[in-house]
Amino acid sequence: MNTLTFVTGNANKLREVKAILCDGNEDAVIGNWNITNKAVDLDEIQGSVEEVTRHKAEQAAKLIGNAVLVEDTCLCFESLGGLPGPYIKWFVKNVGLDGINKMLDGFDNRKAYAITTFGFCSGPGCEVLLFQGITNGEIVSQKGNTGFGWDAIFQPDGFDRTYAEMAGIEKNRISQRSKALAKVKEFLEKV
């Protein structure tokens, strides 16, 4: 059995990834892989989500010394040309969800898209493989629990509720993270 370390200290993200990737399996096993996790501080470079994710995976593999899985999630606003993108975490931290909403007040277009990119690296110096999922939606006034990033202001297309208002199972069926993880899962089951 191979060990794959998912690099995160975010308990919500870890729970969501295990629920999706391992079909809720408490043993966190998929194919020939035993999924563990570790919180590691990684440098976050500026660049595209692909560049950011690739850099995080290379750095994590070097620090941990074996196969790693890293993740980067973006929230992109059409009216702002794709910003804040990979910097959404810092926007939420510094201006809050209300501040993010106010950023769009001068625009007619509140359309947004969420992107999750996973980077898999089998070890130090190895190639990084990227797996990406996208969900389209719009930015709305805060609704629901605010405990998980920007979920309370992102309403996916075709729904009248934000991610924060959805049960975990429902969100996991449609989210950008689940779309990316479906690709990761297919890959891990073959190697």
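The values are calculated or read from the model by the stated rules, or taken from the named source; none is laboratory data. Please read all numbers here as calculations on a predicted model, not as lab measurements. Heads up, the Cβs are rebuilt from the backbone with ideal geometry, glycines too, and the neighbour counts pull from every protein chain shown. Heavy atoms of the whole protein, side chains included, go into the accessibility calculation; ligands, DNA and RNA do not. Shrake-Rupley method; radii C 1.70, N 1.55, O 1.52, S 1.80 Å.
Structure notes:
- Hits in region 53-68 - residues which are small (Gly, Ala, Ser), within 15 Å of residue 3 (Cβ to Cβ) and part of a helix (DSSP H, G or I): 60, 61
- Identity of the residue in region 1-20, over 21 Å from residue 125 (Cα atoms) and in contact with a Phe, Trp or Tyr (Cβ under 9 Å, 6 or more places away or on another chain), that ends up most open to solvent (accessible area, probe 1.4 Å): 1
- Filtered by the rule that a residue be closer than 22 Å to residue 92 by Cα and open to solvent by less than 10 Å² (accessible area, probe 1.4 Å), region 149-185 gives 152, 153, 154, 156, 162, 163, 175, 176.
- Candidates 100, 174, filtered to the one that is more than 14 Å from residue 20 (Cβ to Cβ) and of a type in the set (A, V, I, L, M): 100
- Only one entry in 135, 146 is assigned to a loop (DSSP other than H, G, I, E, B) and either closer than 30 Å to residue 188 by Cβ or open to solvent by 20 Å² or more (accessible area, probe 1.4 Å) (or both), namely 146.
- Of all the numbered requirements in (1) closer than 25 Å to residue 23 by Cα; (2) hydroxyl-bearing (Ser, Thr, Tyr); (3) in a loop (DSSP other than H, G, I, E, B), residue 116 misses one, and that requirement is (3).
- The C-beta contact set for region 164-191 (first residue at pLDDT below 90, second residue open to solvent by 40 Å² or more (accessible area, probe 1.4 Å) and part of a helix (DSSP H, G or I), distance under 7 angstrom, 6+ apart or interchain) comprises 168/19; 172/19.
- Qualifying position, being in a helix (DSSP H, G or I) and acidic (Asp, Glu), among 44, 50, 71: 50
- In the set 98, 23, only one residue is part of a loop (DSSP other than H, G, I, E, B) and open to solvent by 10 Å² or more (accessible area, probe 1.4 Å); that residue is 23.
- Note on region 74-90: residues that are open to solvent by 20 Å² or more (accessible area, probe 1.4 Å), of a type outside the set (D, E, K, R) and within 18 Å of residue 13 (Cβ to Cβ) total 3.
- Restricting region 101-123 to residues that are polar (S, T, N, Q) and open to solvent by 10 Å² or more (accessible area, probe 1.4 Å), the residue that is farthest from the chain's Cα centre (by Cα): 109
- Scanning region 84-94 for residues that are part of a loop (DSSP other than H, G, I, E, B) and more than 15 Å from the chain's Cα centre (by Cα) turns up nothing.
- Boolean, residue 143 is in contact with a Pro (Cβ under 6 Å, 6 or more places away or on another chain) and farther than 17 Å from residue 10 by Cβ: no
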